[in-house]
Amino acid sequence: MLKYESIEELVQAAESEGKKISEIVLRDHAQSMEKNELELYEKMEMDFHIMCDSVREGQKKDQKSMSGLTGGEGYKMKEYADKGQSLTGSFISNAISRALAVAGCNASMGKIVAAPTAGSCGILPGCLVSLYEDKGFDEKDIIMSMFTAGAFGLVIAKKASIAGAQGGCQAECGSAAGMATAALVEVMGGTPSMCADACAMALISQMGLVCDPVAGLVEIPCIKRNASGLMIAFSSADMALAGIESKIPVDECIDAMKEVGDVLPNTLKETAGGGLATTPTGLKLKNRVFGK
C-alpha cells in the first residue's frame, strides 16, 4: 500500500521533485509491491479499456437493469446529445451519457470498474473516456491520471470512507467526483496543488449527500447521481484550472466528510430506510420488484 497519509503529502512529494502526482504514485506503488512500473501501468491500461467497453455496453438501446426499474438512460442521453441542441453542449452531454451508461451497465450485471465503488462507477470513466474519445487526449496521459485518481481515493478511504453504508453517498459519488476531478486537472496540465483544490471543491459540493437506494438496489437514484457527480467533477476541474483555490484544504474537507458521515442516521446510509427509498413511489417500486 502507498505510504501517504494525506493528499498534502502527495502534493508536496510531487512538487518537490517537479513531477506529476501520477508519476510519484506509480513509482512508489511499484516499489511497495515489489513489481515493475510497466506491469502496474498495463493493469491500469486494462482497467481503462474495460471502462471504454462498459460505456459502449451501457449505451445500447435495449440495455435494462435486472430489476427492470431502470435502463436505456445512456442511450437516450447519447441520442439527445447527437442532436446538438443540449443546454450544456455536445461534449458534456456525451460525457453524461457515458456516466449513465457505465452505471447502467453495472445495474444490468455488466462488467465495470469500481471507481471507487460500483454505485459511483460512471463518474471517472464518464470524464476520462470523454477526454480520450471526444477531445483526443493521449491514452497514456489518461491512464496515468488514473493513478492520481486512485491515490486520492486511497487517502479518502483511509481518512474517511468510500462506502455508502458507512458515510452516505458523499462517500461514493462524492469520492468519485473528487478522484475524477483530480485526474481531469492533471490531464489538462494543472499542477498537483490544482488537483488538490479541485478535489476539495468536488467534495464540498456533495458534502452530506445521503445514500437512499430505492428497493435497496444501486439504481434509483444512484445512476443519475453519477451524472451529477460528473458535472461537479468537470466544474471543479475548471475552477481549479482557472486559478480558483479551495479556502478549506482538501484533507480538512475529507475530515469533515467523515464527521458528517458519522452523524448521518442509519436510515440514510444504504439501508433503504429513508429518503427517496421510503417515498410513496419508492415503496411502490420496491413492491413491484419484490412483492409485498
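A short reminder: the numbers here are calculations on the coordinates, not readings from a lab. Keep in mind that what you see is a predicted model, and the values were worked out from it rather than measured. So basically every Cβ, Gly included, is an ideal-geometry build from the backbone, and we count neighbours across all protein chains shown.
Helix 139-159 versus the longest principal axis of the chain: what is the Cα-based angle in degrees, 0 to 90, to the nearest 10? The helix 139-159 is inclined about 80 degrees to the chain. Shown in residue order for region 166-179 are the 3J(HN,Hα) couplings computed by the Karplus curve 6.51 cos²θ - 1.76 cosθ + 1.60 at θ = phi - 60°: 9, x, x, 5, 4, 7, 9, 5, x, 4, 4, 5, x, 5 Hz (x for Gly and Pro). Set the Cα radius of gyration of region 173-234 against 2.2 N^0.38 Å, with N its number of residues, and you get 1.22. When each of the peptides 239-252, 12-25 is scored by how many other beta carbons lie within 10 Å of its residues on average, the order from highest to lowest is 12-25, 239-252. By the count of neighbouring beta-carbon atoms within 10 Å, fewest first, F152, F91 end up ordered F91, F152. Using the alpha carbons alone, the radius of gyration of region 88-153 stands to its Kirkwood radius in an Rg to Rh ratio of 0.98. Structure remark: mean-square fluctuation, Gaussian network model of the chain, C-alpha springs under 10 Å; the largest value among S235, S54, S193 belongs to S235. Converting the Cα gyration tensor eigenvalues of region 20-136 into ellipsoid dimensions via √(5λ) gives semi-axes, longest first, of 30, 17, 10 Å. For the options T271, T281, T181, a Gaussian network treatment of the chain with springs between C-alpha atoms closer than 10 Å singles out T281 as fluctuating the most. Per-residue ellipticity at 222 nm computed for the chain from its helices equals -20500 deg cm²/dmol, with DSSP H segments shorter than 4 residues left out and the rest contributing -39,500 (n - 2.57).
Along the axis of the charge dipole computed for region 7-290 (Cβ charges of +1 for Lys and Arg, -1 for Asp and Glu, origin at the Cα centre), the listed residues I162, A14, T279 are led at the positive end by T279.
Computed from Cα atoms, the angle from the helix 7-17 axis to the main principal axis of the chain rounds to 30 degrees.
A convex hull fitted to the Cα coordinates of region 7-290 yields 124 cubic angstrom per residue.
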